[in-house]
Number of protein chains: 2
Amino acid sequence: MSDERTEAEALLPLPPATLHILMSLAEEDRHGYAILQDVDARTGGAVKLGAGTLYRSVQRMLEEGLIVEVQQRPAPELDDERRRYYRITPFGAAVARAETRRLQNLVRLARASGFVPRRA
Amino acid sequence: MSDERTEAEALLPLPPATLHILMSLAEEDRHGYAILQDVDARTGGAVKLGAGTLYRSVQRMLEEGLIVEVQQRPAPELDDERRRYYRITPFGAAVARAETRRLQNLVRLARASGFVPRRA
DNA sequence: GCAGTTATATCCACTGTGGATATAATCGCG
DNA sequence: CGCGATTATATCCACAGTGGATATAACTGC
């Protein structure tokens, strides 16, 4: 019986787009197009997900149980029937933590190799 | 006239295998097979480059000027004629620093999203 | 009502990857 | 010495993840 930590690590390394989507949904439930804009904004325009990448990633993430679709919608006058809203699951958060740990270890290795970047 | 920093950032994001190879060569000149073993060792077995990945990556990295082949060989009695030795270039090191900076920023974002991993 | 944006979805081509296969030199050791 | 295991490079195939184009349609502002 594998604990959640082990189960999460089985999905690593995570496709970059997947981590970005999880980061976006960590803040609040969002629909696809809003994720696209949010990722652009949070990364200062450095990361722009392609539409194909987004919708395919979301599909995969639903199957893997990293996110779920929520039927809960904003007030009708603010809503848009075309939208599909998604929420991160506890498992999705565990996977994101595992990936963050993996990346942190990678950065540690790189810095130990002498690749110490000047402050951003 | 783009400075080396700008030129380096044009290659980002770096394929994961490429950064591992640069980390390995940062320590000392190595031949392909030795890089394979070193990456395995430095990552505690967590990363195992496939042979195809390694030799194709090396080819690309030579073309991009991240590494050069060195003709300089160990003492004949320690050598193996089949080996081809590689060395990281100053540009390769600049690219590795840029990629390290990019990864560090990504980790910062992930942690800011609440994905704070428990100590490894 | 019409243009531009929002929104989802699918398609195509390309890159990076692992793992298999091929070939051959070197090494350990009985 | 002989011979199997390892070392070493290289190429091939199939597959995952990606960007960007295309399609369709609803919404928004004027």
* Asked: Just to be sure, is B:Leu62 under 13 Å from the mean Cα position of the chain (by Cα), at pLDDT 95 or above and more than 13 Å from DNA strand D (Cβ to nearest atom)?
  -> no
* In the range B:102-109, is there at least one residue being part of a loop (DSSP other than H, G, I, E, B) and either more than 14 Å from DNA strand D (Cβ to nearest atom) or touching a residue at least 12 places away in the same chain (Cβ under 8 Å) (or both)? -> no
* Structure fact -> Across the range A:75-97, the tally of residues that are within 11 Å of DNA strand C (Cβ to nearest atom) and out of contact with any strand residue (DSSP E or B) (no Cβ under 9 Å at 6 or more places or on another chain) stands at 3
* To do: Take A:Val116 and decide whether it is hydrophobic (A, V, I, L, M, F, W, C), more than 14 Å from DNA strand D (Cβ to nearest atom) and modelled with pLDDT under 95.
  => yes
* Within the bounds of the range B:9-19, is there any residue that is charged (D, E, K, R), out of contact with any Gly (no Cβ under 6 Å at 6 or more places or on another chain), within 15 Å of DNA strand C (Cβ to nearest atom) and more than 23 Å from A:Arg118 (Cβ to Cβ)? -> no
* Asked: Among B:Ala112, B:Ala94, which is the only one that is in contact (Cβ under 8 Å) with a residue 12 or more places away in the chain and not β-branched (Val, Ile, Thr)?
  -> B:Ala94
* Which one of A:Ala110, A:Ala98 is at pLDDT 95 or above and either farther than 19 Å from B:Thr43 by Cβ or over 19 Å from the mean Cα position of the chain (by Cα) (or both)? -> A:Ala110
* Filtering the range A:44-54 down to residues that are near DNA strand C (Cβ under 10 Å from one of its atoms) and without any contact (Cβ under 8 Å) to a residue 12 or more places away in the chain, which residue is surrounded by the most Cβ atoms within 10 Å (Cβ to Cβ)? -> A:Gly50
* Asked: Cβ-Cβ below 9 Å, separation at least six or inter-chain, first residue in the range A:29-43 and within 14 Å of chain B (Cβ to nearest Cβ), second part of a helix (DSSP H, G or I) and hydroxyl-bearing (Ser, Thr, Tyr): which pairs?
  -> A:Arg30/A:Ser24; A:Ile35/A:Ser24; A:Asp38/A:Ser24; A:Val39/A:Ser24; A:Arg42/A:Ser24
* **Residue among A:Glu64, A:Glu99 that is surrounded by 13 or more Cβ atoms within 10 Å (Cβ to Cβ), of a type in the set (Asp, Glu) and within 14 Å of another protein chain (Cβ to nearest Cβ)** => A:Glu99
* To do: Take the residues in the range A:1-27 that are away from DNA strand D (no atom under 14 Å from the Cβ) and more than 11 Å from every other protein chain (Cβ to nearest Cβ), then tell me which one is farthest from A:Glu99 (Cα to Cα).
  => A:Met1
* Structure fact -> Within the range A:67-96, of all residues that are more than 18 Å from A:Leu11 (Cα to Cα) and buried (at least 17 other Cβ atoms within 10 Å of the Cβ), the one nearest to the other protein chains (Cβ to nearest Cβ) is A:Tyr86
* Qualifying positions in the range A:83-119 - within 19 Å of B:Ala17 (Cα to Cα) and among the hydroxyl-bearing types (Ser, Thr, Tyr) -> A:Thr100, A:Ser113
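The values are calculated or read from the model by the stated rules, or taken from the named source; none is laboratory data. On a predicted model such as this, the values are computed, not experimentally measured, just so you know. Note that each Cβ is placed from the backbone with ideal geometry, even for glycine, and that neighbours are counted across all protein chains shown.
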